[in-house]
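Here is the structure we will look at.
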Amino acid sequence: SQTIHQWPATLVQPVGSPLSLECTVEGTSNPNLYWYRQAAGRGLQLLFYSVGIGQISSEVPQNLSASRPQDRQFILSSKKLLLSDSGFYLCAWSALDRSKNIQYFGAGTRLSVL
Amino acid sequence: GQQLNQSPQSMFIQEGEDVSMNCTSSSIFNTWLWYKQDPGEGPVLLIALYKAGELTSNGRLTAQFGITRKDSFLNISASIPSDVGIYFCAGQLWGNKLVFGAGTILRVKS
């Protein structure tokens, strides 16, 4: 069966520090991968999605970037964190088959920028 | 762009009561999904709908894909304390990204 892992679960970082959040998927090949941010426990904002290695689409201009160095690895990064980057970050995957594009979410990373 | 209107925004109900929530859109979708998110966790898929008019159940949960393809409903029967959480609808049109509703916060009074 497929599983998705995110780490760390929680993170407290000072303003101006770098960020690296990692997401890996097991049990499937060629998944579509997604990064979302959720503020205040409501609303999922799509940040990035990827349909393959090295292929990243950005949904909103921001202080963050994403990379996909391997088929089942998706990384969310920042060179210098802002206070506004605080939030709950969720990684998700879906199968390559577009006919049933169900997204499955990881457990999330709670980021606090102080 | 595509938007989903999810209502109600929050509900505070008595244990044992039935719950209804819905999502509407100005655009048509080919897939409707309903997720539940527990505090501090990622959303978990509850029900997936693929056909207009489809009615699908998962235990005490029942969801319907509206006949116009622009709306969907989720009903929870005989609510219990563990039903607490945020419920999200999501719609998808072939090959495109999911569009999520803003969520319905459900609180149950025991």
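With all protein chains present, how much of the accessible area of the stretch B:4-58 (probe radius 1.4 Å) comes from carbon and sulfur, to the nearest whole percent?
Roughly 47 percent of what the probe reaches on the stretch B:4-58 is carbon or sulfur.
Below 17 Å, Cα to Cα, which aspartates and glutamates can B:Lys70 reach? Residues fewer than 8 away in the same chain don't count.
Reachable aspartates and glutamates: B:Glu54.
When only DSSP loop residues count, what trypsin sites (Lys or Arg not before Pro) in the stretch B:47-94 have their Cβ near at most 15 other Cβ atoms within 10 Å?
For trypsin sites (Lys or Arg not before Pro) across the stretch B:47-94 that sit outside H, G, I, E and B with at most 15 neighbouring Cβ atoms in 10 Å, the list reads B:Lys51, B:Arg60.
Can you compute the radius of gyration and Dmax for chain A, using only the Cα atoms, both in Å?
13.5, 43
I'd like the accessible area for B:Ile47: 1.4 Å probe, protein heavy atoms, all chains in place, Å² to the nearest 10.
Probe radius 1.4 Å; accessible area of B:Ile47 about 10 Å².
Past the 25 Å Cα-Cα mark, which pairs from A:Lys79/B:Lys97; B:Lys51/B:Lys109; B:Lys36/B:Lys109?
Table pairs above 25 Å Cα-Cα are A:Lys79/B:Lys97; B:Lys51/B:Lys109.
On average, how much accessible surface per residue is there in chain A, in Å², for a 1.4 Å probe, leaving out ligands, DNA and RNA?
47
Let me check against my output: what whole-number percent is the relative contact order of chain A, with C-alpha pairs under 8 Å and at least 6 apart?
35
Count charges around A:Val25 for me, please; just the other residues with Cβ under 12 Å from its Cβ, Lys/Arg as +1, Asp/Glu as -1.
With Lys, Arg at +1 and Asp, Glu at -1, the net is -1.
Could you tell me which chymotrypsin sites (Phe, Trp or Tyr not before Pro) in the stretch B:1-98 are loop residues by DSSP with no more than 11 other beta carbons within 10 angstrom of their beta carbon?
Answer by residue number: B:Trp94.
Between B:Ser7 and A:Gln55, what is the FRET efficiency for a Förster distance of 41 Å, r being their Cβ-Cβ separation, to the nearest 0.05?
On the way: r = 36 Å, r/R0 = 0.89.
Given R0 = 41 Å and the Cβ-Cβ separation, E is 0.65.
Which value, in Å², gives the accessible area per residue of chain B when a 1.4 Å probe is used on the protein heavy atoms?
Value for chain B: 46 Å² per residue.
Build a GNM of chain B with springs between Cα atoms under 10 Å: which of B:Ser26, B:Ser72, B:Ser82 gets the top mean-square fluctuation?
In the Gaussian network model the winner is B:Ser82.
Of all the stretches in chain A, which is the longest one without any exposed loop site, taking trypsin sites (Lys or Arg not before Pro) in a DSSP loop (any state but H, G, I, E, B) with at most 15 other Cβ atoms within 10 Å?
Longest site-free region, per DSSP loop and neighbour criteria: A:1-78.
Using a Gaussian network model of chain A with C-alpha springs under 10 Å, which one of A:Gln13, A:Gln73, A:Gln62 is most mobile by mean-square fluctuation?
Answer for the Gaussian network model of chain A: A:Gln62.
Note the full-extension length gain between B:Ser26 and B:Lys109 as 0.36 nm times their separation in residues minus their Cα-Cα distance, in nm to one decimal.
26.5 nm
Give the residue list of GluC sites (Glu not before Pro) in the stretch B:16-58 that are DSSP loop and have at most 14 other beta-carbon atoms within 10 angstrom.
Answer by residue number: B:Glu17.
With +1 on each Lys and Arg Cβ and -1 on each Asp and Glu Cβ, how big is the dipole of the stretch B:1-99 about its Cα centre, in debye rounded to the nearest 20?
The calculation lands at about 480 debye.
Give me the extension gain from A:Asp71 to A:Thr3: residue separation times 0.36 nm, minus the current Cα-Cα distance, reported in nm with one decimal.
Gain on extension, A:Asp71 to A:Thr3, equals 23.1 nm.
Tally up the carbon and sulfur contribution to the accessible surface of chain A as a whole percent, 1.4 Å probe, everything protein left in place. Can you show the working numbers first?
Details: 2890 of 5400 Å².
In chain A, the share of accessible area belonging to carbon and sulfur is 53 percent.
Summing +1 for each Lys or Arg and -1 for each Asp or Glu, what net charge is found among the other residues whose Cβ lies under 14 Å from the Cβ of B:Gln6?
Combined, the nearby Lys, Arg, Asp and Glu give +2.
The values are calculated or read from the model by the stated rules, or taken from the named source; none is laboratory data. Keep in mind that this is a model prediction, so the values were computed, not measured. Positions of Cβ are backbone-derived with ideal geometry, glycine not excepted, and every protein chain shown enters the neighbour counts. Just the protein is used for accessible areas: all its heavy atoms, side chains included, with ligands, DNA and RNA removed. Shrake-Rupley method; radii C 1.70, N 1.55, O 1.52, S 1.80 Å.
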